[in-house]
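The structure appears below as structure tokens.
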Amino acid sequence: MNRHFSDAWYYLKRAGSHLRAGISEELAPVADRARTAAGRETQPEPKRLEKVQKELRQAPSRGKHALKGAKGRIDEYRGTSPAE
């Protein structure tokens, strides 16, 4: 009998989460209009392409730093100095 109750709780929680998602999706346009009317518009998130481009612009400096650190660790392991 206990197993049936645990199954029922699982499906009840799942139905609740689906209900919450559905209601928020249905009310999203209303919330957007209310924010616009109140003057509290949300800032749009940067598009994925813009995020990737920003990361690629930062990549060369991070790559050089990582490569320098790796070379230093290899030289330490080999017991040689970096100037050799």
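So, residue 70, is that one surrounded by 10 or more Cβ atoms within 10 Å (Cβ to Cβ) and among the aliphatic types (A, V, I, L, M) or not?
yes
Could you go through segment 36-48 and let me know if any residue there is modelled with pLDDT under 85, under 21 Å from the mean Cα position of the chain (by Cα) and surrounded by 10 or more Cβ atoms within 10 Å (Cβ to Cβ).
Yes.
Looking only at segment 1-11, decide whether some residue is aliphatic (A, V, I, L, M), out of contact with any helix residue (DSSP H, G or I) (no Cβ under 9 Å at 6 or more places or on another chain) and not in a helix (DSSP H, G or I).
Checked against the condition, which is being aliphatic (A, V, I, L, M), out of contact with any helix residue (DSSP H, G or I) (no Cβ under 9 Å at 6 or more places or on another chain) and not in a helix (DSSP H, G or I), segment 1-11 yields at least one hit.
The values are calculated or read from the model by the stated rules, or taken from the named source; none is laboratory data. All figures in this text were calculated on a predicted structure; none of them were measured in a lab. So basically every Cβ, Gly included, is an ideal-geometry build from the backbone, and we count neighbours across all protein chains shown.
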